[in-house]
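> This structure is in C-alpha cells; I'll ask about it shortly.
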Amino acid sequence: MPRRLDRTTAIGFWLVVISAVVYWFANRDFNAGRGDFFYLAEAFLNGRTWLDFQPGPNDVIIDGDRFFVPFAPFPAIAFMPLVLFTGGQTADIFESGINAVLAACSVGMGWWLLGRIGVERLWDRVWLVALLGFSTQILWITTRGGVWHTGHLVATLLTLGCLIELWGRRRAWLIGLMAGAAFLTRAPLAFAVPFYALMLVDQSALAASWRIPPLRELPWRSWTLLAAGVLPSIVGFFWYNQLRFGTPLESGYALATLPEWLEEQRQLGLFSLAHLPMNLDYLFVHLPTPIGEFPFFRPDGLGMSVFLTSPGLLFAVRADWRRACPWLLFGAAVLVLIPTLLYYGGGWLQYGYRYFLDSIPFIWAICAMAAVYRGGISWRWRAAIAIGLVVMAFGPYWAYRI
C-alpha cells in the first residue's frame, strides 16, 4: 500500500462515495420491512437464537412463541457490534443506508482487486467497477433491501475479499476465514473453496500456465491453513442448527413458511432437477414484456436474461484461456451456481436473476484479467457494458412498481 494517498486510490475513494450516494437515492424510499439480521444480531447478544416476534408472514419458522430466521447467520454476527450500540430496531430503520454503504464497499473492493490483478488504465477500472456495481444485481438488491438481499451484499464482499487476498499476500488462513464466513452467508459459496485451494498451488499459480505439479510441490501447509480457516464456520453451521432444531442437518429452509404457490414448488424438492428449466429460463432467456408507454417494457419480477442485464460480463471470453487461472475462476462460478439452479426458490422478486450474484465476482475477475491481457477495454466492449448500465438503471424504477 502507498504511504501517501495517490491519484488512483483517491479516485477509487470518491467512486465509493459517489456509489454510496447513488445507492441511497435508489433505496431510501423503499421499505422492505424485513430487517431480520439486525433483530437476530440483537437476539445473539441476548443469548438467543430466535426472535420474540414474527418478522413477516413468509420465510420464518414458527415454534410456539419462538420465531427462527432460516437464513445463514453470519450477517447477523457481523452486525452485532453495530446493534450493540443502536439496537435492532434502530438498525432496521437505517437499513437503506447500511445496505447502500455495503454496496458501495463492493465497488471499492472491486477497485482494489483490479489494482491487484494489474488493470492499470484508470478508465478501464472505471468501466469495470461500473459493470460490477451497476450492471449486476447489486443495484437491484440494494434498492429492494430486506434480509434476502442484505445477505447477498455481505457474501459479495466476502468473495471479493478472498480474491483480493489471492492476488495479494495469499494468506491461506485468512482466505479460509472469509470463505467460511461466505458459506455462513450464502451456502452455495462453499463450493468455491476447492478452487481457492487450487489457486494456492504455488506462488505463481495466478500467472503460470496450467500444469499438474508433483506431490512434493503441492502447498500442503497452505491447504491445512485454508481448511483451518474454514473449519470454524462448518462447526458453527452444524452447532447453530443443533441449537435451533435439535439436529445439525436441518438448516430451516425446508421448514420456513411460504405462500401456497411457492410451497407447491418446494414440494417438488428443496433441490431438484425439476427446478432446473425454470431457473435456466430466468438466468438466460426470460425477457420483459413490451408496453406502449415509458419505459416501453415491463418486467414480471420472475427473472431477466443476464445477456440483457449484464452483457459486459461476456468480456470474460477475451481472457487468456491458455492459462489456469481463468479456468479456475470459471469453475468456481459454475460450481457455485449449480445448487441455485436446482433450488426451488427462483429468487423472486427480482430484476434479473439475483442468485447469479454468487458467481459474478469470479466472472468479473476474469473480465479484469481480459482487460490486462488485451491491453484495455475496446469501445465495443464498453458499449456492451453501457447497454447493461442502461437496462439496470431502470431497476430502481421498477423496484417501486412490481
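> Please count how many residues of region 113-142 are of a type outside the set (D, E, K, R) and in contact with a Ser or Thr (Cβ under 9 Å, 6 or more places away or on another chain).
14
> Test of understanding: among A205, A254, which residue is modelled with pLDDT under 95, among the hydrophobic types (A, V, I, L, M, F, W, C), closer than 19 Å to F271 by Cβ and not in a helix (DSSP H, G or I)?
After applying the criteria, what remains is A254.
> Is it fair to say L280 is farther than 26 Å from P75 by Cα, in a helix (DSSP H, G or I) and at pLDDT 95 or above?
Yes; evaluated as a whole, the condition is true for this residue.
> Something else now. Which residues, taken from region 159-193, are farther than 13 Å from S233 by Cα and in contact (Cβ under 8 Å) with a residue 60 or more places away in the chain?
Matches in region 159-193: T159, L160, L163, P188, F191, A192.
> I've got another one for you. Which residues, counting only those in region 21-73, are in a helix (DSSP H, G or I), hydrophobic (A, V, I, L, M, F, W, C) and surrounded by 15 or more Cβ atoms within 10 Å (Cβ to Cβ)? Please lay out each step first, then the result.
As a first pass, look at region 21-73 and keep what is in a helix (DSSP H, G or I): 21-27, 36-45.
Restricting the remaining residues to those that are hydrophobic (A, V, I, L, M, F, W, C) gives 21-22, 24-26, 37-38, 40-41, 43-45.
Passing the criteria: V22, W24, A26, F37, F38, L40, A41, A43, F44, L45.
> Right, next: For a quick check of your reading: which helices (runs of 4 or more DSSP H) sit entirely within region 74-124 and have at least 2 residues that are touching a residue at least 60 places away in the same chain (Cβ under 8 Å) and within 23 Å of F362 (Cβ to Cβ)?
Hits in region 74-124: 74-86, 95-117.
> Further question on the same structure: Which ranges mark the helices (runs of 4 or more DSSP H) fully within region 305-402 that have 3 or more residues being free of Cβ contacts under 8 Å to residues at least 60 places away in the same chain?
Numbers: elements: 306-309, 324-341, 360-374, 379-393, 395-399.
So the answer is 324-341, 360-374, 379-393.
> Among R298, R318, R354, which is the only one that is of a type outside the set (A, V, I, L, M, F, W, C) and in contact with a strand residue (DSSP E or B) (Cβ under 9 Å, 6 or more places away or on another chain)? Step through it out loud before you land on a result.
Working: R318 fails: in contact with a strand residue (DSSP E or B) (Cβ under 9 Å, 6 or more places away or on another chain); R354 fails: in contact with a strand residue (DSSP E or B) (Cβ under 9 Å, 6 or more places away or on another chain).
Only one candidate passes the filter, namely R298.
Results for (1) at negative phi; (2) surrounded by 15 or more Cβ atoms within 10 Å (Cβ to Cβ); (3) over 23 Å from the mean Cα position of the chain (by Cα), shown as yes or no for each residue.
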| position | (1), (2), (3) |
| --- | --- |
| P288 | yes, yes, yes |
| G292 | yes, no, yes |
| T309 | yes, yes, no |
| L313 | yes, yes, no |
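> Right, here's the next one. Considering only residues that are aromatic (F, W, Y) and either assigned to a loop (DSSP other than H, G, I, E, B) or touching a Cys at 6+ places or on another chain (Cβ under 8 Å) (or both), which ones fall in region 290-304?
F294, F296
> Given L153, L82, which one is under 21 Å from the mean Cα position of the chain (by Cα) and hydrophobic (A, V, I, L, M, F, W, C)?
Checking each option against the conditions leaves just L153.
> Which one of these is among the polar types (S, T, N, Q), part of a loop (DSSP other than H, G, I, E, B), at negative phi and modelled with pLDDT of 95 or more: T247, T224?
The unique qualifying residue is T247.
> Another question about this same structure. So which residues in region 74-90 are more than 22 Å from L177 (Cβ to Cβ) and either surrounded by fewer than 21 Cβ atoms within 10 Å (Cβ to Cβ) or touching a strand residue (DSSP E or B) at 6+ places or on another chain (Cβ under 7 Å) (or both), if there are any at all?
Step one: filter region 74-90 for residues more than 22 Å from L177 (Cβ to Cβ), giving 85-90.
Residues satisfying the conditions are F85, T86, G87, Q89, T90.
> Considering each of G180, G168 in turn, give the residue that is among the small types (G, A, S) and either more than 15 Å from the chain's Cα centre (by Cα) or surrounded by fewer than 24 Cβ atoms within 10 Å (Cβ to Cβ) (or both).
Matching residue, one of G180, G168: G168.
The values are calculated or read from the model by the stated rules, or taken from the named source; none is laboratory data. Here the structure is a predicted model, which is why all the values come from computation and not from measurement. Virtual Cβ from ideal backbone geometry, glycine too; neighbours counted across all protein chains shown.
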